[in-house]
Amino acid sequence: MALGVLTCLLFLVAVRVKVIGNTITVHEWDLSIVSVNDYSVDLPIDYAGYKDWLNRAYHRPGGDYSKNISPGLSLKRYIIRKVEKELTKELKLQQENQSEDSGRITNLFFKRDTLVNVELDKIKVADLTFCNKNGHMIDLLKKRGVAIAEQEFEEMHGYEHKINEYIAKNYDALITPSMVVITFEEEEGP
């Protein structure tokens, strides 16, 4: 009986040591599960809004069109400037409203405290990527690739014809961004 109790006690001690030994702090856990989603947001781009920007800003006299800057690069620069300006303004407002003893920055959108004490004076965009509605085009290109790999050149020419036809009919939609993914330098950006 005493041997059974001793065995149980040793087992409990071993389990406790194992559990305590594997316990990580909340901070370590937060840092170990960092992903691109912690730093990025995706926003839809309204077609009418894009066309308005194109006509009002891009094609204006002295605008980026006259400087031979592509619409994509021009829009990227515009969005980065606008997002950094507006979010930095929001950050400053939030810092003014924050209690002095806290010392922690509250995330702008999720209203949660971060686990790391971060002093930010400006929100910075690390990267910005546009997405287009080109799923059908990608499917056609994949099928053409399979035809090339299988050396089915007649089939490949058929897909090339379909691709060229699709581009001619849908060129404007293919080159118009439908979404933007913005990645920030700090987690507090989004």
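The values are calculated or read from the model by the stated rules, or taken from the named source; none is laboratory data. Small disclaimer: the values here were computed from a predicted structure and weren't measured. Cβ sites come from the backbone with ideal geometry, for glycine too, and all protein chains shown count toward neighbours.
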Residues within region 55-79 that are within 19 Å of Asp172 (Cα to Cα), out of contact with any Phe, Trp or Tyr (no Cβ under 9 Å at 6 or more places or on another chain) and in a helix (DSSP H, G or I), tallied: 3
Candidates Glu165, Glu186, Glu160, filtered to the one that is crowded, with 17+ Cβ neighbours inside 10 Å and among the acidic types (Asp, Glu): Glu186
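What are the residues in region 115-166 that are charged (D, E, K, R) and part of a helix (DSSP H, G or I), if any? Even if it seems obvious, please write down each step before you answer.
Pass one, region 115-166, residues charged (D, E, K, R): 119, 121-122, 124, 127, 133, 139, 142-144, 150, 152, 154-155, 160, 162, 165.
Listed by number, the residues that qualify are Asp139, Lys142, Lys143, Arg144, Glu154, Glu155, Glu160, Lys162, Glu165.
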Test Lys82 against the criterion of being modelled with pLDDT of 80 or more and either surrounded by fewer than 13 Cβ atoms within 10 Å (Cβ to Cβ) or not in a helix (DSSP H, G or I) (or both), and give yes or no. yes
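Take Lys51 and decide whether it is within 30 Å of Ile167 (Cβ to Cβ), charged (D, E, K, R), surrounded by 14 or more Cβ atoms within 10 Å (Cβ to Cβ) and modelled with pLDDT under 95.
For Lys51, the condition - within 30 Å of Ile167 (Cβ to Cβ), charged (D, E, K, R), surrounded by 14 or more Cβ atoms within 10 Å (Cβ to Cβ) and modelled with pLDDT under 95 - is not met.
I'm trying to understand the selection: among the residues of region 148-178, which are among the small types (Gly, Ala, Ser) and modelled with pLDDT of 95 or more? Talk me through it step by step, then tell me what you get.
Kept after step one, since they are among the small types (Gly, Ala, Ser), are these residues of region 148-178: 149, 158, 168, 173, 178.
Passing the criteria: Ala149, Gly158, Ala168.
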Matching option when the condition is surrounded by 11 or more Cβ atoms within 10 Å (Cβ to Cβ), of a type in the set (Gly, Ala, Ser) and in contact (Cβ under 8 Å) with a residue 40 or more places away in the chain, among Gly72, Gly63: Gly72
